[in-house]
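Heads up, the thing below is written out as structure tokens.
The values are calculated or read from the model by the stated rules, or taken from the named source; none is laboratory data. Bear in mind that the values here come from a model prediction, so they are computed numbers and not experimental data. Neighbour counts run over all protein chains shown; Cβ positions are idealised from the backbone, glycine included.
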Amino acid sequence: MKKAARTLAVRRRQQRLREWIIERLLFASAIVSVFTTLAILGVLLFEAVGFFQQVSIIEFFSETRWTPLFEPQYFGVLPLVWGTVMVTIISLVVAVPFGLGSAIFLSEYAPERLRKVVKPILEILAGVPTVVYGYFALTFVTPWLQNFFPQLIVFNALSAGVVMGIMIIPMVSSLSEDAMLAVPQSFREGAYALGARKHEVALRIVVPSALSGIIASFVLAISRAVGETMIVSMAAGSTPKLTLSPFESIQTMTGYITQISLGEAPFGSLEYSTIFSVGLALFLMVLIINLIGQWVAKRYWKRY
Amino acid sequence: MVSDVKIDVRNLSVWFGSNHVLKNIKIGFRPNAVTAVMGPSGCGKTTLIRAINRLNELIIGSRTTGEIYIDKEDIYSKETSVFELRRRVGMVFQKPNPFPISIYDNVAFGPRIHGVSDDKELQGIVERSLKEAALWDEVHDRLQDSALDLSGGQQQRLIIARALSVDPEIILMDEPCSALDPMATSKIEALMRKLAEKYTVIIVTHNMQQAARVSDYTVFMYVGEVVEYGITKNVFENPQNELTEKYITGEFG
Amino acid sequence: MGSPRSSRNGFLRQIEGSVIYILCLFAVVASLVSLVVLLFDVIQDGIPWLDLQFVTSFPSRFPEQAGILAALWGSIWVVGITALFSFPVGVGAAIYLEEYAPQNWLTSFIRLNISNLAGVPSIVYGILGLGLFVQALALGRSILAGALVMTLLILPVIIIASEEAVRSVPRAYREGAYALGATKWQVTRGVVMPQAFPGMLTGTILALSRAIGEAAPMIAIAALVFVRFVPTGPLDRFTVMPIQIYNWVNLPQAEFRGLAAAGILVLLIVLLGMNSIAIFIRNRYQKRAR
């Protein structure tokens, strides 16, 4: 009798120990994410510190030339930032109208059966690997655009921007559509009951009510565009410059990082450390965009 | 056809899919009066009033046959503009559904889409509508506030003001007080009587006492058909139909 | 017939409505058309170069002899090891967050991290890999380093999908098990995980299919561009299909464009296969769970 009670107690203790270990393991898995963030910041800052010991922060943010691989070396990040910004703006010019237009069509005009078919097909656009888009930009879009803009050269911001825009259309359309579908039907009925037509219901009631979600989709698209690498590496060029013409070749922050990674810069050299300083600038840019986006989305949030 | 009928419903039948909801409705609603439509759940009263502003058409799979004449014009004919119809026929819903915008913009929405763009004119319309809906005194100093900040009863009066803003002739109300407390309810009931002086008011209610309090005429419906229709006092005190009597005495609900 | 203020602008509004409808329709159609054009372009360029020889050869200076074998195996190795790491960690994190985590600041902080990480550009993960795995942990530019980078990259996606799967298990199931005296882990392992497993598996396969198309992080840790061998172990150097495609696109001779397109087709076929498996699993288990 005593023996049985003792083994039961031992078993319970073992069980509790096992439960405890398992919970610790699961917790460790969850903590990996925090570790990742810290590691990213750690690596970027650590190596960037080495960079900024040799190049002043002021030069980094104010110099308008970026030529770390040539003599004389200039380390102004502005041309790279501008290249990123220009390609992003072009991509938004494509993605916002087509994405939002698609969302309005699917949410307000299309019958349920059509929507169920079209939505996943649009999602395919988001699943195509970016190398494929880069290939498309270089081998199809650029020659095609040259029919309209003969001054377009082989590597240019316009093709990369347009193709990037196509890639992020589903991001804008899916999230905006979800936001619009979440608007209660009672709002639409109230508007119809006043004699509104379909497009008035959609544009004057549904879209303003869903604005927070729509803006969130824009922000997501922007941060995706800013961080995109392959399309710009393959199609936008590798010549950092501050120019207003989308027909010329430029270089984005991500494009530069790619270029230098494929090069022969030795570990520990100044050229090598530019990977991290530009990487840090990129990381900060995405962070700021996300923060601004969250603030804007919250401001337009309508409860219902 | 009696000469003072505003809305003449003839042989109206409505299906939702294979569900035959309204069966051959024949009824003439009088102008400048409050008509209550009552009956147990599922009898089709909401579907009936939604047929008057053709809001049933928003539901996929709905089918309507028959005619409804408003002032001798069949609103289901091909020549009728459904948008103009809905301007003439206003609707107040069971649960207040103000748009998530300001009080002012809620009331101004209707006039704006129907072509009023002059600011002074809009201000005048908003003030007039809110006064007519007995809400002006409570909100005149905070018209830019969100409509969602108002109480339930205030929101419902806002919806009434919104319906009035486009100068309708008929006002349909679908159980407008079911989500409101008794004080708000009595305010709205008083408003209904006042509105009947100028408009044709039809209310759907499952509250018999409300029908008795508020309406001049009462329609009793049962499973998609009109069972009885007459002056309210007569319907309640001297029902012609056995079903009506059973409903009124509470034998079923 | 109408009251004094009948609608003033019916005709204009009708035109406006038609214009808007056409514009929105055009948006959808144009988006779909661009997808079709993209696929058509790639297929047209790549089909002539897609044959058995292509899939079984190494890259070469001579286009006729070049093939994608090394990159294909490299991708398989990287994705395989990534799956090995990312599935348990991702699922474990999801289970912790949904079943075990208390409602405190730490949990919120972890969730905040995960959603932030989902938005970090993939090349930044590559830079992380370069500094941490390649250099600090001295793993060199190996498959293992690449797989670890990929793991971190797709972890947020797996966690979010797995959380969804766990959340969709009805409370009633858990409560039934607890009522029988089961411990937390017994409930998790016996009730929650079997129910959530298909969703977790689907989410992981979809995340892995994204990983296989990623070039940027692999470039950052400097996976080689010209690889003429099949990797034999996790510490070998390697290349992946997207990088091979990228390399071919940048070569001057026109034939290499065709090779790049063929490489794209192989990549797309692999992707199609993985996505189909994921969707198949999801559909099959969704029907059963009913």
Would you be able to tell me the number of residues in the stretch B:160-184 that are under 16 Å from A:TYR192 (Cβ atoms), part of a loop (DSSP other than H, G, I, E, B) and touching a strand residue (DSSP E or B) at 6+ places or on another chain (Cβ under 8 Å)? 2
Only one of these is more than 14 Å from chain C (Cβ to nearest Cβ), in contact with a strand residue (DSSP E or B) (Cβ under 8 Å, 6 or more places away or on another chain) and within 25 Å of B:ASN19 (Cβ to Cβ): B:ILE101, B:ILE59. Name it. B:ILE59
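Among what's in the stretch B:186-217 and is of a type outside the set (A, V, I, L, M) and under 12 Å from B:ILE248 (Cα atoms), pick the residue that is farthest from the chain's Cα centre (by Cα). Even if it seems obvious, please write down each step before you answer.
Residues of the stretch B:186-217 that are of a type outside the set (A, V, I, L, M), as a first pass: B:186-187, B:189, B:193-194, B:197-200, B:205-207, B:209-210, B:213, B:215-217.
Those left that are additionally under 12 Å from B:ILE248 (Cα atoms): B:206-207, B:209.
Details: B:HIS206: 14, B:ASN207: 15, B:GLN209: 18 Å.
My answer is B:GLN209.
Taking the condition of a type in the set (Asp, Glu) and either out of contact with any helix residue (DSSP H, G or I) (no Cβ under 7 Å at 6 or more places or on another chain) or surrounded by 20 or more Cβ atoms within 10 Å (Cβ to Cβ) (or both), does C:GLU164 pass?
Working: of a type in the set (Asp, Glu): yes; either out of contact with any helix residue (DSSP H, G or I) (no Cβ under 7 Å at 6 or more places or on another chain) or surrounded by 20 or more Cβ atoms within 10 Å (Cβ to Cβ) (or both): no.
Spelling it out, it is not the case that C:GLU164 is of a type in the set (Asp, Glu) and either out of contact with any helix residue (DSSP H, G or I) (no Cβ under 7 Å at 6 or more places or on another chain) or surrounded by 20 or more Cβ atoms within 10 Å (Cβ to Cβ) (or both).
Counting residues that are out of contact with any Gly (no Cβ under 6 Å at 6 or more places or on another chain) and either surrounded by 21 or more Cβ atoms within 10 Å (Cβ to Cβ) or in contact (Cβ under 8 Å) with a residue 40 or more places away in the chain (or both), which helices (runs of 4 or more DSSP H) fully inside the stretch A:64-155 reach at least 3? Quick ask: steps written out before the conclusion?
Details: elements: A:78-104, A:112-127, A:130-136, A:142-146.
Where helices (runs of 4 or more DSSP H) fall fully within the stretch A:64-155 and carry at least 3 residues being out of contact with any Gly (no Cβ under 6 Å at 6 or more places or on another chain) and either surrounded by 21 or more Cβ atoms within 10 Å (Cβ to Cβ) or in contact (Cβ under 8 Å) with a residue 40 or more places away in the chain (or both), they are A:78-104, A:112-127, A:130-136.
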So, B:ALA147, is that one surrounded by fewer than 17 Cβ atoms within 10 Å (Cβ to Cβ) and modelled with pLDDT under 95 or not? no
Consider C:SER276 against the criteria (1) closer than 25 Å to C:GLU164 by Cα; (2) in contact with a Gly (Cβ under 9 Å, 6 or more places away or on another chain): it satisfies all of them except one. Which criterion is unmet? (2)
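Is it the case that C:SER142 is over 19 Å from the mean Cα position of the chain (by Cα) and more than 8 Å from every other protein chain (Cβ to nearest Cβ)? Show your work before the answer.
Details: over 19 Å from the mean Cα position of the chain (by Cα): yes; more than 8 Å from every other protein chain (Cβ to nearest Cβ): yes.
Yes.
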Filter the stretch C:217-275 down to residues that are part of a loop (DSSP other than H, G, I, E, B) and without any contact (Cβ under 8 Å) to a residue 12 or more places away in the chain, then give me how many there are. 4
Which one of B:VAL166, B:VAL226 is over 23 Å from B:LYS131 (Cα atoms), crowded, with 21+ Cβ neighbours inside 10 Å and not polar (S, T, N, Q)? B:VAL226
For the stretch B:140-157, enumerate the residues that are closer than 21 Å to A:SER209 by Cβ and part of a helix (DSSP H, G or I). B:ALA147, B:LEU148, B:ASP149, B:GLY152, B:GLN154, B:GLN155, B:GLN156
Complete set of residues in the stretch C:63-78 that are surrounded by fewer than 22 Cβ atoms within 10 Å (Cβ to Cβ) and under 16 Å from the mean Cα position of the chain (by Cα): C:ILE76
Assess whether C:PHE197 counts as being among the hydrophobic types (A, V, I, L, M, F, W, C), surrounded by fewer than 17 Cβ atoms within 10 Å (Cβ to Cβ) and at pLDDT 90 or above. yes
Flagged in the stretch A:170-204 as β-branched (Val, Ile, Thr) and farther than 25 Å from A:TRP295 by Cβ, in numbering order, are A:VAL201
Looking at (1) among the hydroxyl-bearing types (Ser, Thr, Tyr); (2) in contact with a Gly (Cβ under 9 Å, 6 or more places away or on another chain); (3) surrounded by fewer than 22 Cβ atoms within 10 Å (Cβ to Cβ), find the lone condition where A:TYR304 falls short. (2)
If you take just the strands (runs of 3 or more DSSP E) that sit entirely in the stretch B:1-74, which of them hold at least 2 residues that are closer than 30 Å to A:ALA110 by Cα and in contact with a His (Cβ under 9 Å, 6 or more places away or on another chain)? B:7-16
Would the stretch B:118-132 turn up any residue that is among the charged types (D, E, K, R), out of contact with any His (no Cβ under 7 Å at 6 or more places or on another chain) and in a loop (DSSP other than H, G, I, E, B)? yes
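Could you go through the stretch A:38-61 and let me know if any residue there is outside any helix (DSSP H, G or I), farther than 30 Å from C:LEU106 by Cα, of a type in the set (Gly, Ala, Ser) and out of contact with any Leu (no Cβ under 7 Å at 6 or more places or on another chain). Outline the logic, then answer.
Of all residues in the stretch A:38-61, those outside any helix (DSSP H, G or I) come to A:55-56.
Now narrow it down to the ones that are farther than 30 Å from C:LEU106 by Cα: A:55-56.
Subsequent filtering for residues that are of a type in the set (Gly, Ala, Ser) retains A:56.
Filter again for out of contact with any Leu (no Cβ under 7 Å at 6 or more places or on another chain), leaving A:56.
Within the stretch A:38-61 (the criterion being outside any helix (DSSP H, G or I), farther than 30 Å from C:LEU106 by Cα, of a type in the set (Gly, Ala, Ser) and out of contact with any Leu (no Cβ under 7 Å at 6 or more places or on another chain)), the answer is yes, since at least one residue qualifies.
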Just to verify a result, which residue in the stretch C:146-178, among those that are among the β-branched types (Val, Ile, Thr) and touching a residue at least 40 places away in the same chain (Cβ under 8 Å), is farthest from C:GLN135 (Cα to Cα)? C:VAL166
Exactly one condition in (1) on the phi < 0 side of the Ramachandran plot; (2) out of contact with any Pro (no Cβ under 7 Å at 6 or more places or on another chain); (3) touching a residue at least 24 places away in the same chain (Cβ under 8 Å) is not met by A:LEU284; state its number. (3)
If B:GLY124 satisfies every condition in (1) touching a residue at least 24 places away in the same chain (Cβ under 8 Å); (2) more than 8 Å from every other protein chain (Cβ to nearest Cβ); (3) out of contact with any Pro (no Cβ under 9 Å at 6 or more places or on another chain) but one, which is the exception? (1)
For the stretch C:99-109, state whether one or more residues are out of contact with any Pro (no Cβ under 9 Å at 6 or more places or on another chain), in contact (Cβ under 8 Å) with a residue 12 or more places away in the chain and hydrophobic (A, V, I, L, M, F, W, C). no
